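Written out below as structure tokens is the structure these notes cover.
The values are calculated or read from the model by the stated rules, or taken from the named source; none is laboratory data. Computed from a prediction, not measured in an experiment: that's the story for all the values here. Cβ placement follows ideal geometry from the backbone for every residue including glycine, while neighbour counts extend to all protein chains displayed.
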Amino acid sequence: MAKGKRVRQKGKLRLSSYFKKVEDGASVALVTDAGVRCSYPQRMKGMSGKVTGSRGRFKLVEIKDGNKLKTLIVHPVHLRKL
């Protein structure tokens with residue numbers, strides 16, 4: 001299984017992934033896209049959670065970190081549906 005992007009895709013940003021629709025209640029995984037700046041902690045990479053709402057274009061993702069529920073504000077380009 002390939003990790004990350006292929007050589008010809010590095011640095012590119014597909015507009016379809018930038019403007020993709022993610023519904024509330026959807027189960028998603030946090031996967032960073034290097035073409036867009038992300039501001040959530042590196043240790044959250046690969047975690048899965050549920051979309052609880054939105055703030056503008058960004059989505060509120062609720063993740064369980066240990067015993068605590070944490071809410072992250074993430075751009076949909078970094079979300080992958082499960």
- Query: Mind checking which pairs have a first residue in region 33-58 that is under 17 Å from L15 (Cα atoms) and free of Cβ contacts under 8 Å to residues at least 40 places away in the same chain and a second that is β-branched (V, I, T) and surrounded by fewer than 15 Cβ atoms within 10 Å (Cβ to Cβ), Cβ under 8 Å, 6 or more apart or different chains?
  - Reply: F58/I73
- Message: Here is a list: A26, A2. Which entry is modelled with pLDDT of 80 or more and among the small types (G, A, S)?
- Response: A26
- Message: Restricting to region 10-27, count the residues that are of a type in the set (A, V, I, L, M) and farther than 17 Å from R55 by Cα.
- Response: 2
- Take the residues in region 1-52 that are among the small types (G, A, S) and in contact with a strand residue (DSSP E or B) (Cβ under 9 Å, 6 or more places away or on another chain), then tell me which one is nearest to L79 (Cα to Cα). A29
